[in-house]
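Heads up, the thing below is written out as structure tokens.
Each value in this text was obtained by applying a stated rule to the coordinates, not by laboratory testing. A quick note: this is a predicted structure, and the numbers were derived from the prediction, not measured.
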Amino acid sequence: MDRPDVVVGPDIDSAGPLRTFPSMPARTKIVGLDHISAPVKDLKAARKFYGAALGAIGMKINMDVGEAFGMGSKDQKIFWLARDKKAGGGGHYAFQVENPEEVDAFYEAAIEAGGQDNGKPGPRPNYGRNYYAAFVKDKEGNNIEVVCYAKPRKPAARAKSRARRSSSRT
């Protein structure tokens with residue numbers, strides 16, 4: 001059944017350009033992720049691990065509904081962990097931060113909370129320019145990543161600046 005008001009992908013309908021609904025509102029330029037849920041078997045262990053690991057980057061539990069809890073910065077509830085007896089791990093959840101030191105803090109806190117190293121903090125040039133990240137697996141096998149895209153600081157420039165300042169004082 002052909003309907004001119006239905007959006008059809010170019011790989012599905014090669015007859016021409018995409019069609020849209022006549023009353024379609026303006027499109028959002030960048031769609032943001034509002035929240036996501038990760039199923040876990042052991043909610044109590046997840047609360048302890050994620051509270052420590054993500055607490056290191058400023059996230060906290062902002063809502064608890066018994067069989068699930070939501071975490072985020074300030075009053076966000078972007079990352080939910082929900083009890084599921086059939087959970088099998090294997091998820092990959094990445095959180096973006098502004099400073100590489102936050103990546104380091106996450107990694108240390110996650111390892112201390114019982115996580116398993118899956119990639120120490122450091123640059124990942126194969127993943128993109130200025131990609132600095134760390135990876136830790138939780139006890140259920142989910143891969144938790146914290147990534148920073150900040151341009152690396154130039155330690156040599158800071159050292160030269162300090163040297164100039166101290167020589168000007170003498």
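Relative contact order of the stretch 36-152: 26 percent, from C-alpha pairs under 8 Å at least 6 residues apart in sequence. In terms of distances greater than 32 angstrom between alpha carbons, the cross-link table entries K60/K86; K77/K139; K29/K85; K29/K74; K29/K139; K77/K154 yield K29/K85; K29/K139; K77/K154. Just the number, please: percent antiparallel of the DSSP beta bridges in the stretch 36-152, rounded to the nearest 5. Taking every DSSP beta bridge within the stretch 36-152, about 65 percent pair in antiparallel fashion.
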